[in-house]
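The structure appears below as structure tokens.
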Amino acid sequence: MAILVDKNTRLLVQGITGREGEFHSRQMIAYGTQIVAGVTPGKGGQWACDGKVPVFDTVAEAVTATEANTSVIYVPARFAADAILEAADAGIPLIVCITEGIPTLDMIRVRAYLDQKGVRLVGPNCPGLLSPGEAKVGIMPGHIATPGPIGVVSRSGTLTYEVVYALTLRGLGQTTCVGIGGDPIIGTTFVDVLEMFENDPLTEQVVLIGEIGGSDEERAARFIAERMTKPVVAFVAGRTAPPGKRMGHAGAIIEGGTGTAAEKIAAFEAVGVPVAEHPEQIPDLIA
Amino acid sequence: MKLHEYQSKRLFAAHGVPIPRGDVATTPEEARRIAEELGTPVVVKSQVLVGGRGKAGGIRLAHTPAEAERVAGEVLGMEIKGLPVRKVLLDEAADIRQEIYLGVVVDRAACRPVMMASSEGGVEIEEVARINPEAIKKVTIDPFLGLRGYQTVTLAKGIGLAGEYRRAFDRIARGLYQAFLACDASLAEINPLVVTGEGSLLAVDGKMVLDDNGLFRHPDLAQMRDVDEETPAEREAREAGLSYVQLDGEIGCMVNGAGLAMATMDIIKHFGGAPANFLDIGGGAKAERVATALRLILADPNVKAVLFNIFGGITRCDEVAKGIVTAFEEVEPTVPMVARLVGTNEAEGRAILEDSGYRLITATTLAEAAQKAVAAAGGELTV
């Protein structure tokens, strides 16, 4: 068993005829993910990915025709907020948004709307979800992961791959790898994912990969102390990041002296969560 | 992207927030003319994108146009926290009776904008939060409902503002929120908002930080970017679509992915070195982009070694290796280069680097790569 996505996921791809959307759809199909539909306004009636996936003009049409239950979004930033709202309005309960660069104020409105509807969003600005051996939704490279008992949750992309690959090489497989995204406003937080891993019978341990900016790691530390029975190992990127500078991700910035790696590391250590000095130490910390 | 005080205040004024009469000068003569028009006394305020201007002597009072000219000349010659003062704002001096703080920020945890007010104006809000957090009153704004009247009453009452100013406060709070929305800001603050001797409220100082992701719909605001906010290298990187932050260490870093780039900087420090930069070359790692990145890194005279840390996922290591080799053809490597390629097609990627004829130090683990880069920068390791 995995969290969020598995063999039963019926995936819809928004932006399937774009360069990124088409490329990653092929990768997801090759991994064994069931892609049941694609959406690109104006291209309804066509077929994508060598005739394997029907394309619709709207998400609502795609849902009616295919009973898609999860959507992944590859549309450009200026249309992405609309794409998320469209999926939510069409009744999709789980939306994964890969797109980077959505304005924060758009995301504030999107989050408020999704919260009212009870829709789960993962991302934006994230690599998506990978349940090894079951399904891949997003852009994570499938072959670096292998099935096993470790849950992985991270704000980053390639840093996550690095950690997942290091785990796989040491024979430590994963239930699900979740990229929650590097933006200031995201749909799913560390705490949300930790709760899912805590409730997932197959997940035995969790690896959490945080970074500078915001206070999501501090809330995760409190949640671990109060609610989790499964062991958690952490890594926090950005010990050397200067204040006031955005480190690539829109959310990775030390503002007003808060959001530093030191504070986050201290929060984890205070609740007994071992924090790796560098990513390759993570497998050593897993008991 | 940060805006200057004068830019922020003009944007606030466009949304109904009262600001002092004033204008911007780049020369002492201009300052004199502005002071003559405004009438004295005037406040001469350095326009640099750092806090603590007052303490640094970058905010001065002038009682005559001649004094304004002299003071402006002094301030325009200053450097504040390493930033040269290129402009001064001359504002009509206000008769200040009370100073308060009013600001809007994005509350990441609440996923909403939050408006904050404090009776301790003129002090940085972070300072107040540390020393006297009870002095800060907050209201969370529903993005669909906007800032409501009862919320501005809550703030005004919370900071002990006298009843007679509450209507003016309400108008200013709404104007500030409108400016925040209209500019896609992540922060908009008036500090201080003052009660004047004439019994009115006036935004004496202002600050805005804009969301870079929102700039595409504000070309007018994007043009306001101050050249000194970034180093020339950071500017070139931004224009090339690279995410680059200059630091003061000696090991240049080229990494794919922001999180991994930060982790690479950290591990260099862990092994006793210091990173010269943060650099995310992004996905795909096309040769042209790698070349631009390499040129930027090597242009930094502090750089004694370069570390390539590439995790091949969807991006294949052999493609990245080809990009690096092509970049070397354009930009001659002048310092030791350490390359670590791991993930998809890593063996092919390493072979391409080895066969290229360029002298590269290779590593398989991140720890090994960082240690080799530190040794190479210290002159203890050569190819």
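Observations on the model:
- Entry note, chain B: the mean residue ellipticity at 222 nm calculated from DSSP H runs of n ≥ 4, each adding -39500 (n - 2.57), is -11000 deg cm²/dmol after division by the residues and rounding to the nearest 500.
- Chain B: C-alpha gyration tensor shape, a/c 1.5 cut-off, then a/b vs b/c: prolate
- Only Lys, Arg, Asp and Glu carry charge here, each on its Cβ (+1 for the first two, -1 for the last two); on that basis chain A has a dipole of about 300 debye about its Cα centre.
- Within 10 Å of each Cβ in B:180-187, the average number of Cβ atoms from other chains: 2
- Angstrom value of the Kirkwood radius, inverse mean 1/r, which spans all Cα pairs in segment B:1-105: 14.1 Å
- Exceeding the 22 Å Cα-Cα cut-off - candidates A:K245/B:K269; A:K245/B:K372; A:K245/B:K81: A:K245/B:K372
- Inter-centroid distance (Cα atoms) of segment A:22-55 relative to segment B:1-72, Å: 58 Å
- At R0 = 51 Å, FRET efficiency that the Cβ-Cβ distance of B:K55 and A:E204 yields, to 0.05: 0.40
- Farthest toward positive dipole pole in chain A [+1 Lys/Arg, -1 Asp/Glu at C-beta], among A:A261, A:M107, A:L285: A:M107
- FRET E, pair B:A347, B:I96, Förster distance 51 Å, beta-carbon r, rounded to 0.05: 0.15
- A Förster distance of 45 Å, applied to the separation of the beta-carbon atoms of A:L169 and A:N8, puts the FRET efficiency at 0.95.
- Selected from A:E198, A:E255, A:E22 as most flexible by GNM, with chain A as the system and alpha-carbon contacts under 10 Å: A:E255
- Fully extended contour minus Cα-Cα distance, from B:E236 to B:R130, at 0.36 nm per residue: 34.4 nm
- Per-residue [θ]222 nm for chain A (sum of -39500 (n - 2.57) over DSSP H runs n ≥ 4, rounded to 500): -10000 deg cm²/dmol
- Prolate/oblate/rounded label for segment B:226-337 (Cα gyration tensor, a/c 1.5): rounded
- Of all DSSP-defined beta bridges confined to segment A:75-214, some 35% are antiparallel rather than parallel.
- DSSP-defined antiparallel bridges as percent of all bridges, chain B, nearest 5: 75 percent
- The antiparallel fraction among DSSP beta bridges confined to the protein assembly as shown stands at about 55%.
- Under a model in which nothing but the beta-carbon of Lys, Arg (+1) and Asp, Glu (-1) is charged, segment B:96-222 shows a dipole of about 500 debye around its Cα centre.
- Sorted by Cβ density within 10 Å, fewest first, the residues A:H24, A:H143: A:H143, A:H24
Where a number appears in this text, it was derived from the coordinates with a stated rule and is not lab data. Given the structure is predicted, the values throughout are model-derived calculations rather than measurements. With ideal geometry, Cβ positions are generated from the backbone for all residues, glycine too; neighbour counts draw on all protein chains shown.
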